[in-house]
Amino acid sequence: MLELLPLLFYSIVNYIIAVLMWTLVGRIALSIFIGSHQNNFVYQFFCLATDWYLRLFALILPRALHMPSFFPMQAILSLILLRLLTYLLFYRFGLAGNQ
């Protein structure tokens, strides 16, 4: 049972990053279809769930690379990279299981 704890920890971390990534994808899709200035409660939920990460990512990303029209896509790519690095780190130490 204890040998499954690292795999459980990896799965939880990976799941949290994946949920945030797909929420950003949903936010972008909704902003394309309904516009970003609508009073839609679903779009407001996506904004509420992802604004904190976009603000954090804006602090991390250098100003020279900050492109306002592509900023959410840059954030999604950073989450994809974070998921990949998380897997490689856990796999390197034998904590990701036989995936």
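Quick notes on this structure:
- Subset tally (residues that are surrounded by 15 or more Cβ atoms within 10 Å (Cβ to Cβ), under 12 Å from the mean Cα position of the chain (by Cα) and more than 13 Å from LEU54 (Cα to Cα)) for the range 74-91: 2
- Residue within the range 26-36 that is touching a Pro at 6+ places or on another chain (Cβ under 6 Å), at pLDDT 90 or above, surrounded by 10 or more Cβ atoms within 10 Å (Cβ to Cβ) and assigned to a helix (DSSP H, G or I) present: yes
Listed here are the residues, each with its yes/no results for (1) farther than 28 Å from LEU7 by Cβ; (2) polar (S, T, N, Q); (3) surrounded by 11 or more Cβ atoms within 10 Å (Cβ to Cβ); (4) touching a strand residue (DSSP E or B) at 6+ places or on another chain (Cβ under 9 Å).
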site: ALA18; (1), (2), (3), (4): no, no, yes, no
site: ARG55; (1), (2), (3), (4): yes, no, no, no
site: ARG63; (1), (2), (3), (4): yes, no, no, no
site: PRO72; (1), (2), (3), (4): yes, no, yes, no
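- Total residues in the range 1-25 satisfying the condition of being in a helix (DSSP H, G or I), without any contact (Cβ under 8 Å) to a residue 24 or more places away in the chain and more than 16 Å from SER78 (Cα to Cα): the figure is 7.
The values are calculated or read from the model by the stated rules, or taken from the named source; none is laboratory data. Here the structure is a predicted model, which is why all the values come from computation and not from measurement. Quick reminder, even Gly has a Cβ in these numbers, built from the backbone with ideal geometry, and neighbours come from all protein chains shown.
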